[in-house]
Structure formats: C-alpha cells, structure tokens
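The values are calculated or read from the model by the stated rules, or taken from the named source; none is laboratory data. For clarity, every value in this text was computed on a predicted model and none was experimentally measured. Ideal geometry is used to build each Cβ from the backbone, glycine not excepted, and the neighbour counts take in all protein chains shown.
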Amino acid sequence: MSHATLQRAAEVRTGSSPPRRWPFALAVTALLAQMAIAMVTTAVRQTPTVDEPVHIGAAAVYLEQHSLRYNPEHPPLGKLVMATGLAFAGLRLDPGFSGDQTELGRHVLYEQGNDPGELLLLARLPVIVLTLLFGLVVFRFAADISTRTGGLLALALYAFSPDVIAHGSLATVDLPVTGFLLTSAWLLWRARGNPALHLPLAGLALGAAVATKMNALAAVAVLLALAVWRHRAQAAWLAVVALAVVWASYLAVDPLLRWESPPDLPSAPVGWLPLPEPYLDGLRAQLGFEDRVWGGYLFGTHYEGSRWYYLPAALLVKTPVGALLLWCAGVVAVLEEKREAALYLLAPAAVLLAVAMSGNRDLGVRYAIAVPVFLAVAAAVLAHRRWAVLAAALVAVSSVWTFPYYLPYSNEVFGGPSKTHLHLHDSNVDWGQDLGRLAERLKRYPGERLWLVYKGAGVPEHYGVHAADPREVEPDDVHGLLVVSNTAIAKAGDRLRALLDTSAPIDSVGHSITIFRRP
C-alpha cells in the first residue's frame, strides 16, 4: 500500500482529517484584496511625495537613455521595478536635459507634457504588486515557523499595518528592500531542508535587496553568517548569486557600465567590496549624508542633529496598539519557543533597526520599516492564544479608521492621524502628498488672497494652487489665507513663527497641511 493510502486509512480509523486549505486561501485572498484596495486608493489620491520625483526621473532616464548618472545613492533595481510601469506611459524626456536629479524629477513630471498623475500611478503600481507578493512571503514564513493559522495572524498584521500600506503604495524603495530581505531570510529558513534549491533562491532575494537600497548591506552579514552556520561551503552560493544580481541590475541599465564619479564625493574605505563602481560611489554618497546635520522633530520639540531613541519613539506613535502588544509578546514567545527561528527573524530586524538608530537622519519610521514586517511574522507563534485574535482585530479597526490617510497615521493613544503633526514631522505625517486635496479644499474659499509654505516636491501651480510665499514680503502685507505644510510648522523659523502666532487655524487638509486665516 502507498503512503497516501495508509494515511487515509489512519484518518478513517481516528476520525481525523487534514485541515482544508480552501478556507486559508480564501482568508489570504481577502486580506490581500483589502490591502490592494487601500494601497491603490491611496496611490490615486496622493500627489508626489518628496522622494518620488527623483526615483521616477531616474527610472525615465534608465528607459530612454540607458544611463546611470542620476540618483546613484540608490542602486537601480527598485527604479527598474518602477520603470516596468513607466514603460506604458509614452514618456517624453528632453535628451538635452542637464539639471540635477531634483530638477530632473520636476522636468519629467511637469515640464514635458507628461501627465504627472498617470506617471505617478504607473510607477507606484509595480511597488504595490511587490508589496502584495511580500504579503504571501509573510504568510508562508509565518506558517513555516508556526501553523497556517499563525500565518493568517501574521498576514493580518502586515496587511493592516498603516506604515506598510503607506510606503507600499509609493514609488520609493523602503518597502521593496525590506520585502526582499524578508524573502531571503525565509528562503534561508527553508534551505535547512533543501539547500540545493533554496540557497540560490535566497541569494537572488538578498541580491535584489542589496540592488534596491544600500541599507540592506547591514543585514548581509547576518544572513551570510546563518548560511555558513547551517550549510558550510554551500553558503558560497548565497554570496555568488547575490553579487550576480547586483551586477546584473547595473548592466540591465547600461550594458557598457559607463560611469563618471560625481565630483566632491566623500572618501570612504569601500573600494575593496566586489561591487560596481557606481554602487561604491553611491555608498560613499550615503556615508557622506551621515556627516550632515539634519533637523529632527519629536513630541513637539524641533532639534538639530539626531537622537538615538527617535525611531523607537516614532514607532510607538505610529504603530497600532494591538500590533505593539503582539510584537512584544511575539518576540518573547519566539525567544522562548522558537530560538532557531529567532536567528532568522529577530536578528536581521534588530541589526537593521540598530543601524537606522545610529544614523543621523531622524526623518521617519520608513527607515525602520523592517520592524513591522519582520515582527508580524514573529507574532505568528501567538496564534493559539485567544487574546491574539482580539489584538489583531484592534489593528484592523485602527487601520480602517485612518483610511485613506495612512501616511500621517498615529495610534489612538497619541490622538490619531489628526494629531500626528504634534509629535512627528516629515515622512511620518507630511511628505508633500496633499497638493491635490489642497486644491479641492481651496474651492471653499473663493476670492481670498492665498499665501503658501509648502514642503514637498510637487508643483502647486499645476494643481491650480497659485500663491505667494509669505516669508518673502513684510509681515504686515500678509493677509488672507495662510496655508502651511505641517512639517514647515514644526521647523518654522522666527519669521514664519511670528506669522503663525498672529493667525488663526481654520481648516486642515489630509492631516498634513493647515490652513490659517490672517486678518
């Protein structure tokens, strides 16, 4: 008798049967469907955030000119993903353009007759698709370390995470790099049983992460160490394939790999890495950013420089309360019950968070987006506890409550999305995403004189917002509507602060822009 026949006979004798798969498939589909709806709705309604025009401009040059000269501080793979959508746009690009990457983004979106809304959506859609696919990885990884019910719990945390939805619906690289790293960790976990298949696949995912954003390098040592520990000499496949993916991503843009190093690059001892020269120059540029002084804003205080506890504090504000409970309990449970799994889940997340905390840019939880992704998987081991379902339900309610304003989300303890600007700034709340909504709102105030301090990469005039900068005239000349991005309020200098102090707030747009009236 075959093994399957013997198994069926045993099930008949015991009255047991394996759990049916279709309810799990249906639940996974439902979770990802609601996530897709949330992300597409968000993508359609938001105007360009600060980083997106730079990525889109570079991707357009990849397509039209096969040149790597723009945005070298980020490797090309993430922008190549965006280019798969832009390829359907009928792009127009001036071949003689010679400005910098910020000017390039404005040029592509607003100055060549392209439709900026169409370009944004086409660049965002491939990232949305990737984000959904990473949801399947979350489910499978969690099911592998626990049960399929645990997989559903992990997927629920991922699919309802406001930060994952927010950044998974933008043409940026923060969510893609995290998803590739999670995929590599999952495939390494599976390689314990079948290294010949899963080690090369893990190398593909790891290479994709390194070829998307340079912060992935922080996790490379952890994943390589795990591969060497479990597989000895076979671990070389991981490194070889990962390096091949990085090189291939550059050659896909320019097979001749033509490159001129930008002037005034900071020196850094990275030349020994077996990576393409444009990658090494981009890494030098990233390290140079850490030498700059960036402004931060936390709990109502604007400061220069960085604070080591900024990211944990920001995560505390911007994570649903139910997810915080499940993260903490999940970490403890994994350390107690699944210690080997902790090496694949918690170690990469901890290293990525520690490196981000040591950085000099207190600009948003997107620098720590690995935390909600990896810890969603860790929470899977709690699926057998009844209270875990209630906590996940609270996450879902909080996420639905903030729809469609995921970028400025904060949890109920900190007042919800309408209060986030009182605690945080920049990509946590106001990343320039609401110019379109502002144009619609201003129709309620016809004929009023308009003054604007906008923090973002969009062009207000394109959306019908015609305003002057109040900081360029005498304060006594500023009367009417004073419209200010909340990040600009957080960082207001003396001149703008004096104007705000003598104005009355009368309206809010998308929780990211405040409208004042100044008599």
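So in region 273-291, with the set limited to residues that are touching a residue at least 60 places away in the same chain (Cβ under 8 Å) and among the charged types (D, E, K, R), which one is surrounded by the fewest Cβ atoms within 10 Å (Cβ to Cβ)?
Asp291
Show me the helices (runs of 4 or more DSSP H) entirely contained within region 214-317 in which 1 or more residues are closer than 30 Å to Ala492 by Cβ and touching a helix residue (DSSP H, G or I) at 6+ places or on another chain (Cβ under 6 Å). Don't jump to the end; show me each part of the working.
Values: elements: 217-231, 236-253, 277-289.
Of the helices (runs of 4 or more DSSP H) lying wholly inside region 214-317, those with at least 1 residues that are closer than 30 Å to Ala492 by Cβ and touching a helix residue (DSSP H, G or I) at 6+ places or on another chain (Cβ under 6 Å) span 277-289.
How many of the residues in region 192-213 are within 22 Å of Tyr279 (Cα to Cα) and surrounded by 21 or more Cβ atoms within 10 Å (Cβ to Cβ)?
Qualifying residue count for the region: 11.
Among the residues of region 418-438, is any among the charged types (D, E, K, R), touching a strand residue (DSSP E or B) at 6+ places or on another chain (Cβ under 6 Å), at pLDDT 95 or above and not in a helix (DSSP H, G or I)?
Among the residues of region 418-438, at least one is among the charged types (D, E, K, R), touching a strand residue (DSSP E or B) at 6+ places or on another chain (Cβ under 6 Å), at pLDDT 95 or above and not in a helix (DSSP H, G or I), which makes the answer yes.
How about region 334-351: which of its residues are closer than 21 Å to Tyr367 by Cα and among the small types (Gly, Ala, Ser)?
Applying the first criterion (closer than 21 Å to Tyr367 by Cα) to region 334-351 yields 344-351.
Once the filter is applied, which keeps residues that are closer than 21 Å to Tyr367 by Cα and among the small types (Gly, Ala, Ser), region 334-351 yields Ala347, Ala349, Ala350.
Is it the case, given these coordinates, that Leu157 is more than 12 Å from the chain's Cα centre (by Cα) and not assigned by TED's automatic domain parsing to the domain that holds Ala205?
yes
Scan region 292-304 for residues that are touching a residue at least 40 places away in the same chain (Cβ under 8 Å) and of a type in the set (D, E, K, R) and jot them down.
Passing the criteria: only Arg292.
Applying the selection to region 457-477, what residues are assigned to a helix (DSSP H, G or I), within 16 Å of Ala439 (Cβ to Cβ) and in contact (Cβ under 8 Å) with a residue 24 or more places away in the chain? Walk me through it before giving the result.
Restricting attention to region 457-477, the residues satisfying the condition of being assigned to a helix (DSSP H, G or I) are 460-463, 470-472, 475-477.
Among the residues that remain, those that are also within 16 Å of Ala439 (Cβ to Cβ) are: 460-463.
Hits for region 457-477 are Pro460, His462, Tyr463.
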